[in-house]
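**Q** Take a look at the following structure, please.
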Amino acid sequence: MSFVTTGADGVTRCGWAAVEPETTYHDEEWGFPLEGDDAFFERVALEGFQSGLSWRTILTKRENFRAAFAEFSIEKVARFTESDVDRLLGDAGIIRHRGKIEATINNARRAEELIENEGSLPGFFWRFEAEAAAEPQSQTTSVESVALSKDLKKRGWKFVGPTTMFALLQASGIVNDHAVQCVTRERVAAARAAARPAGPIG
């Protein structure tokens, strides 16, 4: 059974969301479908920066990341230059990891190519939808996240390993991984049903 917690407000949530800022993120964002290319690009970037760190670190720095990376506008980040890399390496408000910074700029350029070839990032990522595991939050990768990682790497994306991509699928609502007892699970299910692209996936 997935671990859950009941807060002082009497609400039962996924166990990892017991305290802020995780509680608000869990209740308002995690698992709810993303809208638009830039939203998916931001999520890929932040999941990549999170690699090896806690999600709390990312949440506390998220507004700094948005300011530093032009609100994660694909068009703008794709045109960052080496001077922007130097600027970002000097920005104490974000995670100053050269590899992850350069990967984010690279991925913006690859995102432009993917959008041109496939139509949109949401349409592309939803192709990797799968049924949620019988026991939510019981795995860190999936067949779909492995396939997504492999596809993106072939297209030249960086910092998109299977575990990072599984976290993306969870966070963006492509899989509903809220605990069965979690109060947010049904809201996410309804949001997914409304947002899921029409027509066959895959």
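The values are calculated or read from the model by the stated rules, or taken from the named source; none is laboratory data. Please read these numbers as outputs of a predicted model, since none were measured by experiment. Ideal geometry is used to build each Cβ from the backbone, glycine not excepted, and the neighbour counts take in all protein chains shown.
**Q** With 163, 184, 140 as the choices, which residue is more than 20 Å from residue 39 (Cα to Cα) and modelled with pLDDT of 95 or more?
**A** Result: 184 is the single residue among 163, 184, 140 that is more than 20 Å from residue 39 (Cα to Cα) and modelled with pLDDT of 95 or more.
**Q** Taking only pairs six or more apart or across chains, which ones have beta-carbon atoms under 7 Å, a first residue in region 41-65 that is farther than 15 Å from residue 166 by Cβ, and a second residue that is surrounded by fewer than 16 Cβ atoms within 10 Å (Cβ to Cβ)?
**A** From residues that are farther than 15 Å from residue 166 by Cβ, the pairs are 56/21; 59/21; 60/21; 61/93; 64/93.
**Q** Let me ask another. Are there any pairs with C-beta distances below 7 angstrom linking a residue in region 166-193 that is free of Cβ contacts under 8 Å to residues at least 40 places away in the same chain to a residue that is part of a helix (DSSP H, G or I) and buried (at least 22 other Cβ atoms within 10 Å of the Cβ), with the two at least 6 apart or on different chains, and if so which?
**A** 166/145
**Q** I would also like to ask the following. Looking only at region 81-138, how many residues end up being closer than 30 Å to residue 180 by Cα, among the polar types (S, T, N, Q) and surrounded by 16 or more Cβ atoms within 10 Å (Cβ to Cβ)?
**A** Summing the residues that are closer than 30 Å to residue 180 by Cα, among the polar types (S, T, N, Q) and surrounded by 16 or more Cβ atoms within 10 Å (Cβ to Cβ) in region 81-138 gives 1.
**Q** Now for a separate question. When region 139-162 is examined, which residues are found to be of a type outside the set (A, V, I, L, M, F, W, C) and either touching a residue at least 24 places away in the same chain (Cβ under 8 Å) or buried (at least 18 other Cβ atoms within 10 Å of the Cβ) (or both)?
**A** Answer for region 139-162, where residues must be of a type outside the set (A, V, I, L, M, F, W, C) and either touching a residue at least 24 places away in the same chain (Cβ under 8 Å) or buried (at least 18 other Cβ atoms within 10 Å of the Cβ) (or both): 139, 140, 141, 142, 144, 145, 149, 155, 156, 158, 161, 162.
**Q** Restricting attention to helices (runs of 4 or more DSSP H) lying wholly within region 1-92, give those where 2 or more residues are under 15 Å from the mean Cα position of the chain (by Cα).
**A** 22-28, 37-50, 55-68
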